[in-house]
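Take a look at the structure below.
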Amino acid sequence: MWPPARPNGRTVVTTRRRDAALPGHPIDIGLFTKGEAADYLRAKLAARGRHDDPAQVAALARDLGHLPLALAQAATYLLDLHLDCATYRARLADRARTLPDLVPEEGSLPDATAPRWPPPGPCPSNTPTSSARQAWPAPCSTWRPCSTPTASPPPS
């Protein structure tokens with residue numbers, strides 16, 4: 001994924017990586033404290049009239065590692081699907097179903113060009129560096145990062 005070449009606008013990329021290969025101007029944003037994480041989640045829910053069990057809110061914040069982006073995404077998901085924190089936590093803890101099991105079958109989405117995860121076939125081999133290849137996601141046992149280095153440039 002590379003930012004589009006545009007004269008206006010900004011692209012924000014979040015990562016926990018710290019290697020020198022990352023372009024741009026990194027801004028370190030730490031984790032929320034336990035209190036900040038729970039307060040953030042409570043405030044997001046309360047703004048839409050939701051008042052979940054405080055113990056479940058705190059537990060969800062802990063389950064998500066007090067990560068601001070994870071909390072923001074969880075709050076949106078909770079509100080959009082009208083779930084409470086306990087239900088979300090149960091889904092989060094469900095290790096019986098994997099991402100490939102949950103992705104709709106090809107062609108069942110309104111957008112026929114929606115990509116399937118994991119993508120069919122071997123993993124992409126145009127990853128430019130060994131550290132990037134190691135960071136490539138491997139969500140299931142049938143799809144692994146590439147082991148052969150290539151000299152292909154990143155997509156433009």
- In region 40-68, which residue that is under 22 Å from Ile29 (Cβ atoms) and charged (D, E, K, R) is nearest to the chain's Cα centre (by Cα)? Asp63
- Item | Number of the exception - Leu22 against (1) of a type in the set (A, V, I, L, M, F, W, C); (2) under 23 Å from Leu71 (Cα atoms); (3) under 21 Å from the mean Cα position of the chain (by Cα) | (2)
- Output yes when any residue across region 28-40 is surrounded by 11 or more Cβ atoms within 10 Å (Cβ to Cβ), out of contact with any Cys (no Cβ under 6 Å at 6 or more places or on another chain) and among the polar types (S, T, N, Q), and no when none is. yes
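Please specify each residue of region 1-45 satisfying the condition of being within 16 Å of Ala74 (Cβ to Cβ) and of a type in the set (A, V, I, L, M).
Matches in region 1-45: Leu31, Ala37, Ala38, Leu41, Ala43, Leu45.
Each value in this text was obtained by applying a stated rule to the coordinates, not by laboratory testing. All figures in this text were calculated on a predicted structure; none of them were measured in a lab. When we count neighbours, we look across all protein chains shown, and the Cβ atoms used for this are built from the backbone with ideal geometry, even at glycine.
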